[in-house]
1. Considering segment 125-177, what Rg and Dmax in Å follow from its alpha-carbon atoms?
2. Ordered by packing density, taken as the mean number of other Cβ atoms within 10 Å over each peptide's residues, highest first, how do 121-128, 158-165, 175-182, 133-140 rank?
3. Between residue 188 and residue 146, what FRET efficiency comes out of the Förster formula 1/(1 + (r/R0)^6) with R0 = 35 Å and r the beta carbon distance, rounded to 0.05?
4. With labels modelled as points extended 7 Å from the Cα through the Cβ direction, what inter-label distance (nm, one decimal) is found for residue 133 paired with residue 78?
5. With each label point set 7 Å from Cα along the Cα-Cβ vector, what nm distance links residue 177 and residue 95?
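What follows is calculated from the coordinates using simple rules that are stated; it is not laboratory data. What you see is a predicted model; the values in this text were computed from it and never measured. Heads up, the Cβs are rebuilt from the backbone with ideal geometry, glycines too, and the neighbour counts pull from every protein chain shown.
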């Protein structure tokens, strides 16, 4: 699947209105490559630290950013994971602004192969650096995922969001996502989960 991604860059020019002197900022989105894995993993770990009060302990990383980066790199090389990265272009400097990772899922995660299930593009994760939030970066990344789904005749994007992370849930609803299944948990050990 990853080989199907053309290494084309799409640009979005936005105005940064949070500064006293509004300036334009350009973001370029390109397919994620194995060499992007460590930067993606670093952003993922930083974001988890920011949201630790609302994120279910199940999602707490079991690995360091370095090990997560190595696992992500293997998945990108194998083609079991695909994605896009957004870079902010500022004169001579280009920095990671955000990423979206996804996989084509052909069996339902809850019911496996019991029921017939049309392929979906499952959004594994989306993160945007704090400095670039609310500037259209996640929308730009989601547009690329949508474009990929259309090109591969996949009719649906799917994702999971932590219920307690109301900011994310609200943002996904604004993007047209709706809750279809509620996954519930109950601890079987003495350790209470949030």
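1. Looking at segment 125-177, its Cα Rg and Dmax stand at 12.0, 35 Å.
2. On the way: 121-128: 21.0, 158-165: 15.6, 175-182: 9.6, 133-140: 18.2.
Per-residue Cβ counts within 10 Å, averaged per peptide and sorted highest first, yield 121-128, 133-140, 158-165, 175-182.
3. Details: r = 39 Å, r/R0 = 1.11.
Here the calculated transfer efficiency is 0.35.
4. Computed distance between label sites residue 133 and residue 78 equals 3.2 nm.
5. Taking the two extended label points, one gets 2.6 nm.
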